[in-house]
């Protein structure tokens, strides 16, 4: 009777050993992580600013926050305010926010596994001192929370994250340093929720923005335009991609007498998909010259969108850029985070197409084989808005 029980007993024994090893590793990792908290002991500030604005983000989010960043500067000259951005968005910050000293940090860093990398960033940030640290990054990872603790700030303005262990540590270790702001979203928002979050933070500084509309980004569009249709059909995740048949409906109003070139744009990693889409469009719309562009610099792409006749895009950087430039734009908005970063408009030229479902706000955990909120968009429901956009 004992022999059949031995394998099970041995399995349970080894399982306990394995759990103990994992537990010890977690303790070791957490101890190393704890040692990273706070600015580097003995570090002296070599760079002093009136305000440090913390906004490491992706391209579209940085563009949407550009007016908020200027507002965070207040009455101080830009050269007295340091802007901390992500490495991926620094080229855009140079275009949108010239005059600001900048420091670029990684968008994604794992403090428990990349401790040497974190130590170098800690040394950089520990050499920075400021009167006010303004955090416009509201979705903070452990790494971003650590970054806030490394800067030698007299006060910090940020939305509190009560579920974050690092935020709890900041409040306990520096009494009065972190001013936790509890954000309550408006019941009937007229602008993206992200801008209301910015407004909540900026209302704690002087001068405060008058209202959320003051935080809408604007970019001057060039006077000279061409007959190009810019199309960005692929998002950062496949769930946001515009299906080919829907894309065909969105480009239908653009006849050969209105545009002379349809340019499919995306990143180099999307080139194969875009090439397939180009072949599909050439078959269905032989009257339009179609090309693929995946190698343009960020500056060149901004210029292309600024000079374009119109834009068709999924909810990506292109959509925010076209809106800020007040271009004619048809934008497909999925429901995963509807209302967080879009829709928003500068005028009737921008039309955000969507299909509301009970599962809106799924945070990209789609319960269906395909995202119905995108695939079931009825373009006819937006026909009048689209005609107005084209005629404006």
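The values are calculated or read from the model by the stated rules, or taken from the named source; none is laboratory data. The structure presented is a predicted model; accordingly, all values stated were derived computationally and were not measured. Note that we place each Cβ from the backbone using ideal geometry, even for glycine, and neighbour counts take in every protein chain shown.
Suppose the filter is in a helix (DSSP H, G or I), out of contact with any strand residue (DSSP E or B) (no Cβ under 6 Å at 6 or more places or on another chain) and surrounded by 13 or more Cβ atoms within 10 Å (Cβ to Cβ); does residue 247 pass it? Yes, satisfied.
When residue 326 is tested against the conditions (1) touching a residue at least 40 places away in the same chain (Cβ under 8 Å); (2) more than 23 Å from residue 89 (Cβ to Cβ); (3) crowded, with 16+ Cβ neighbours inside 10 Å, the lone failure is (2).
The sole residue among 199, 215 that is surrounded by 15 or more Cβ atoms within 10 Å (Cβ to Cβ), under 30 Å from residue 296 (Cβ atoms) and out of contact with any strand residue (DSSP E or B) (no Cβ under 7 Å at 6 or more places or on another chain) is 215.
Every test in (1) assigned by TED's automatic domain parsing to the domain that holds residue 331; (2) modelled with pLDDT under 95; (3) surrounded by 16 or more Cβ atoms within 10 Å (Cβ to Cβ) is passed by residue 237 save one, and that test is (3). Any residue in region 33-48 that is crowded, with 16+ Cβ neighbours inside 10 Å and modelled with pLDDT of 95 or more? No; the residues of region 33-48 include none that is crowded, with 16+ Cβ neighbours inside 10 Å and modelled with pLDDT of 95 or more. When you look at residue 279, is it surrounded by fewer than 20 Cβ atoms within 10 Å (Cβ to Cβ) and in a loop (DSSP other than H, G, I, E, B), yes or no? Against the criterion (surrounded by fewer than 20 Cβ atoms within 10 Å (Cβ to Cβ) and in a loop (DSSP other than H, G, I, E, B)), residue 279 does not qualify. When residue 364 is tested against (1) surrounded by fewer than 18 Cβ atoms within 10 Å (Cβ to Cβ); (2) within 21 Å of the chain's Cα centre (by Cα); (3) without any contact (Cβ under 8 Å) to a residue 40 or more places away in the chain, exactly one condition is not met: (3). Quick check on my filter: what residues within region 312-343 are more than 14 Å from the chain's Cα centre (by Cα) and farther than 30 Å from residue 367 by Cα? Scanning region 312-343 gives 322, 323, 324, 325, 326, 327, 328. Say we look at region 70-87 and pick out the residues that are part of a loop (DSSP other than H, G, I, E, B) and either touching a residue at least 60 places away in the same chain (Cβ under 8 Å) or not assigned by TED's automatic domain parsing to the domain that holds residue 139 (or both); which of these is farthest from residue 139 (Cα to Cα)? That would be 75. Evaluate the following for residue 119: is it touching a residue at least 12 places away in the same chain (Cβ under 8 Å), crowded, with 16+ Cβ neighbours inside 10 Å, more than 23 Å from the chain's Cα centre (by Cα) and not in a loop (DSSP other than H, G, I, E, B)? No. Of all the residues in region 88-115, those that are under 13 Å from the mean Cα position of the chain (by Cα) and in a loop (DSSP other than H, G, I, E, B) number 4. Scanning region 50-69 for residues that are crowded, with 24+ Cβ neighbours inside 10 Å and part of a strand (DSSP E or B) yields 52, 53, 54.
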